[in-house]
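A short reminder: the numbers here are calculations on the coordinates, not readings from a lab. Since the structure is predicted, the reported quantities are computational estimates derived from the model, not experimental observations. Neighbour counts run over all protein chains shown; Cβ positions are idealised from the backbone, glycine included.
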Amino acid sequence: MSGSAQRTLIAPRCRAIAAATLVSLAWATSAPAQSGLLTDGVLTDGAQATKQQTFIEPFEDWQVICDEAPDSKSSCSMAISGKTTDADGRLVGIRLSQLPVKTRSDALFAIETPLDLLLSKGIEMRVDGGPVMRLAFRSCHSDGCLAPFSMISTIARRFRKGDALDIRVFDLNARPIEVRLSLQGFSAAGRRAGI
């Protein structure tokens with residue numbers, strides 16, 4: 001853990017919510033599901049039971065979420081959230097997070113949005129006013145909609161060199177909704193999360 005990073009232990013109820021969110025995000029990938037159930041910090045896989053703790057470490061504007069169990073390597077992912085109001089004054093939250101998929105050579109990320117958007121227009125993102133990167137929505141669930149993308153080297157390079165990531169989605173009347181996410185701390189969080 002870096003000297004400036006602080007770790008926050010997540011309460012068991014929050015751990016279960018965080019795990020449920022990660023599980024719902026992970027199904028959107030082609031990785032095989034792992035057996036196990038997180039209940040109040042105890043991961044069980046049949047005969048074996050282990051205490052598991054989930055920590056959040058801040059890296060400037062980004063957070064790294066690590067699951068640690070005794071006698072095993074920690075598993076970490078990174079995330080950032082932002083919000084704005086739309087043309088009707090409703091609060092719109094966007095989350096960009098790394099998905100917990102370890103069977104890929106590149107990191108898999110997803111943008112999570114609210115449900116009531118014009119999905120056919122997809123998502124636009126750009127770093128510091130640079131070229132637009134377009135993403136398609138993959139799926140929607142009761143918590144929102146997901147647009148996954150691979151953190152290939154060209155995108156990672158832009159994120160590391162940039163100051164801000166502008167994400168544009170569209171409301172049901174095709175009006176743009178823009179959310180700015182900071183890229184401060186992306187590089188340090190990426191090193192901690194292993195990307």
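Below, the figures for the structure above:
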| read-out | value |
| --- | --- |
| Using a Förster distance of 45 Å, the FRET efficiency for Arg175-Arg104 (Cβ separation, nearest 0.05) | 0.80 |
| Using a Förster distance of 25 Å, the FRET efficiency for Thr85-Ile152 (Cβ separation, nearest 0.05) | 0.15 |
| Gln184/Arg134 FRET efficiency (R0 25 Å; Cβ-Cβ; nearest 0.05) | 0.50 |
| Computed lengthening from Arg160 to Asp61, 0.36 nm per intervening residue step minus Cα-Cα distance | 34.3 nm |
| Selected from Ser97, Gly82, Ile177, residue furthest toward positive end of dipole (region 78-195; charges at beta carbon) | Ser97 |
| Calculated from backbone phi, Karplus (6.51, -1.76, 1.60) coupling profile of region 152-164 in Hz, x at Gly/Pro | 5, 4, 5, 5, 4, 4, 4, 4, 5, 7, x, 9, 9 |
